[in-house]
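**Q** What follows is a structure written as structure tokens; I'll ask about it next.
The values are calculated or read from the model by the stated rules, or taken from the named source; none is laboratory data. Keep in mind that what you see is a predicted model, and the values were worked out from it rather than measured. Neighbour counts run over all protein chains shown; Cβ positions are idealised from the backbone, glycine included.
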Amino acid sequence: METKTRLQVLQDHINREFTASPSPFMLWMRPIVLAAEEGTVTFKYVIREEMSNPIKSLHGGVTAAIADDCIGATMFSLNEESFYTTINLVVDYFAPAHVGDTILAKTLIIKKGRQMVNAQCEIWNANETRLIARATSNLFKTNVVKKTLQ
């Protein structure tokens, strides 16, 4: 039986919910994979009530979590054995998104060294006319080896 790469697992979920994530929090957010290539992913989310703040817009903490998890999935797309951990995450918020809205999260690796990676995630409204937030993150390569995704 052939073992699939992490990138292939992401690509197998294109246009459907990513149910193979090792992150329970990501599973709770219910991302739909729109694109996955080495070093970049695009996920779609529908904002649910439990993802909102008291005024029914996307909670800033959930926005940050989306960015962090999407960047993590981007690291998985590289098919490396080592786990990378976030050492910082900076989020700039530009516009609200509301319960029922669809948003897109697109990632990009800015620079990859032997131990450190700098990555970005932009979160857009569904038709990509309004930037909701942009996050940048630095990640550090650990000695922890990832489990194989099924």
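**Q** Need pairs with beta-carbon distance below 9 Å; first residue outside any loop (DSSP other than H, G, I, E, B) and within the stretch 87-99, second exposed (fewer than 12 other Cβ atoms within 10 Å of the Cβ) and modelled with pLDDT of 95 or more; sequence gap 6+ or separate chains.
**A** His98/Ile55
**Q** Would you be able to say whether some residue in the stretch 25-32 is surrounded by fewer than 16 Cβ atoms within 10 Å (Cβ to Cβ), over 26 Å from Phe94 (Cα atoms), free of Cβ contacts under 8 Å to residues at least 60 places away in the same chain and within 14 Å of the chain's Cα centre (by Cα)?
**A** The answer is no, given that none of the residues of the stretch 25-32 is surrounded by fewer than 16 Cβ atoms within 10 Å (Cβ to Cβ), over 26 Å from Phe94 (Cα atoms), free of Cβ contacts under 8 Å to residues at least 60 places away in the same chain and within 14 Å of the chain's Cα centre (by Cα).
**Q** Please go through the stretch 107-140 and give me each residue that is charged (D, E, K, R), surrounded by fewer than 18 Cβ atoms within 10 Å (Cβ to Cβ) and at pLDDT 95 or above, ordered by number.
**A** Initial filter on the stretch 107-140 (charged (D, E, K, R)): 111-112, 114, 122, 128, 130, 134.
Subsequent filtering for residues that are surrounded by fewer than 18 Cβ atoms within 10 Å (Cβ to Cβ) retains 111-112, 114, 128, 130, 134.
Result: Lys111, Lys112, Glu128, Arg130, Arg134.
**Q** Going residue by residue through the stretch 73-94, is there one that turns out to be closer than 14 Å to Ala135 by Cα, exposed (fewer than 14 other Cβ atoms within 10 Å of the Cβ) and in contact with a Lys or Arg (Cβ under 7 Å, 6 or more places away or on another chain)?
**A** yes
**Q** Inspect the stretch 128-141 for any residue being closer than 18 Å to Phe18 by Cβ and either more than 14 Å from the chain's Cα centre (by Cα) or in a strand (DSSP E or B) (or both) and give the result as yes or no. I'd like the intermediate steps shown before the answer.
**A** Of all residues in the stretch 128-141, those closer than 18 Å to Phe18 by Cβ come to none.
No: zero hits.
**Q** Related question: I'm trying to understand the selection: among the residues of the stretch 73-106, which are farther than 26 Å from Glu49 by Cβ, touching a helix residue (DSSP H, G or I) at 6+ places or on another chain (Cβ under 9 Å) and modelled with pLDDT of 95 or more?
**A** Within the stretch 73-106, Thr86 is the sole residue that qualifies.
**Q** Related question: So how many residues does the stretch 19-35 have that are within 21 Å of Thr86 (Cα to Cα), part of a loop (DSSP other than H, G, I, E, B) and modelled with pLDDT under 95?
**A** Summing the residues that are within 21 Å of Thr86 (Cα to Cα), part of a loop (DSSP other than H, G, I, E, B) and modelled with pLDDT under 95 in the stretch 19-35 gives 4.
**Q** Then there is this: Name, by its number, the condition in (1) acidic (Asp, Glu); (2) more than 14 Å from the chain's Cα centre (by Cα); (3) under 23 Å from Pro24 (Cβ atoms) that does not hold for Asp68.
**A** With (1) acidic (Asp, Glu); (2) more than 14 Å from the chain's Cα centre (by Cα); (3) under 23 Å from Pro24 (Cβ atoms) applied to Asp68, the lone miss is (2).
**Q** Still on this model: Restricting the search to the stretch 44-72, which residues are of a type in the set (Gly, Ala, Ser) and at pLDDT 95 or above?
**A** Within the stretch 44-72, the first condition is being of a type in the set (Gly, Ala, Ser), and the residues that meet it are 52, 57, 60-61, 64-65, 67, 72.
Once the filter is applied, which keeps residues that are of a type in the set (Gly, Ala, Ser) and at pLDDT 95 or above, the stretch 44-72 yields Ser52, Ser57, Gly60, Gly61, Ala64, Ala65, Ala67.
**Q** Return yes or no: is Ala65 assigned to a strand (DSSP E or B) and small (Gly, Ala, Ser)? Break it down stepwise before answering.
**A** Numbers: assigned to a strand (DSSP E or B): no; small (Gly, Ala, Ser): yes.
Here the answer is no, as Ala65 does not meet what is asked.
**Q** If you check every pair at least six apart or on different chains, which have Cβ atoms under 7 Å apart with a residue in the stretch 40-65 that is under 19 Å from Cys121 (Cβ atoms) first and a residue that is part of a loop (DSSP other than H, G, I, E, B) and among the acidic types (Asp, Glu) second?
**A** Ile47/Asp101
**Q** Continuing with this model, one more query. Every residue in the stretch 3-18 that is surrounded by fewer than 16 Cβ atoms within 10 Å (Cβ to Cβ) and within 17 Å of Ala105 (Cα to Cα), please.
**A** Residues satisfying the conditions are Ile14, Asn15, Arg16, Glu17.
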